[in-house]
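Just below is one structure, and these are the notes that go with it.
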Amino acid sequence: QVQLVESGGGLVQAGGSLKLSCAAAGSTLRINTMGWYRQVPGKQRELVAASRSGGTTNFADSVKGRFTISRDYAKNTVYLQMNSLKPEDTATYYCYADRVQVGPYTYFEIWGQGTLVTVSS
């Protein structure tokens, strides 16, 4: 079984920065995609950023130019650097991993527990 452990959320003023981390715990061999979604109460969860093992990344239009995503493949960890934060970035951020290969098994759409990011105006 694979678990995703997130850290780095918190309270920050508008214009500030935060860095989220998410590590895949367990005897993982290979992870195709890791990324971040976010959700506010009453709204659907939306993609923030994703990183695929081939090196491609994609971002929500609302965060382009402000957020970057990076991975440490040796540590099975993904990072989300968030700069120039805005109050509308306030949400619970969820790490996810897709197509996680563990031995002969492949797991799809694994989610972290979520970490709250609050941006004050």
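The values are calculated or read from the model by the stated rules, or taken from the named source; none is laboratory data. Predicted, not measured: the structure shown is a model, and the values here were computed from it. Here Cβ is always computed from backbone atoms with ideal geometry, including for glycine, and neighbour counts include all displayed protein chains. The protein model used for the area step is the full one, side chains on, heavy atoms only, and it has no ligands, DNA or RNA in it. Shrake-Rupley method; radii C 1.70, N 1.55, O 1.52, S 1.80 Å.
Restricted to the range 23-39, and to residues there that are open to solvent by less than 50 Å² (accessible area, probe 1.4 Å) and touching a Lys or Arg at 6+ places or on another chain (Cβ under 9 Å), the residue that is farthest from K86 (Cα to Cα) is I31. Contact map, the range 86-97: first residue in contact (Cβ under 8 Å) with a residue 40 or more places away in the chain and at negative phi, second residue acidic (D, E) and open to solvent by less than 20 Å² (accessible area, probe 1.4 Å), Cβ cut-off under 6 Å, separation 6 or more or different chains; pairs are C95/E6. Per the listing K75, K64, the residue uniquely basic (K, R) and modelled with pLDDT of 95 or more is K64.
The set of residues in the range 67-85 being free of Cβ contacts under 8 Å to residues at least 60 places away in the same chain and of a type outside the set (D, E, K, R) consists of F67, T68, I69, S70, Y73, A74, N76, T77, V78. On the basis of being open to solvent by 60 Å² or more (accessible area, probe 1.4 Å), over 15 Å from the mean Cα position of the chain (by Cα) and at positive phi, does G42 make the cut? So G42 passes the test. Screening the candidates V48, V63, V102, V78 for the property of being under 17 Å from A25 (Cβ atoms), open to solvent by less than 40 Å² (accessible area, probe 1.4 Å), among the β-branched types (V, I, T) and under 16 Å from the mean Cα position of the chain (by Cα) yields one hit, V78.
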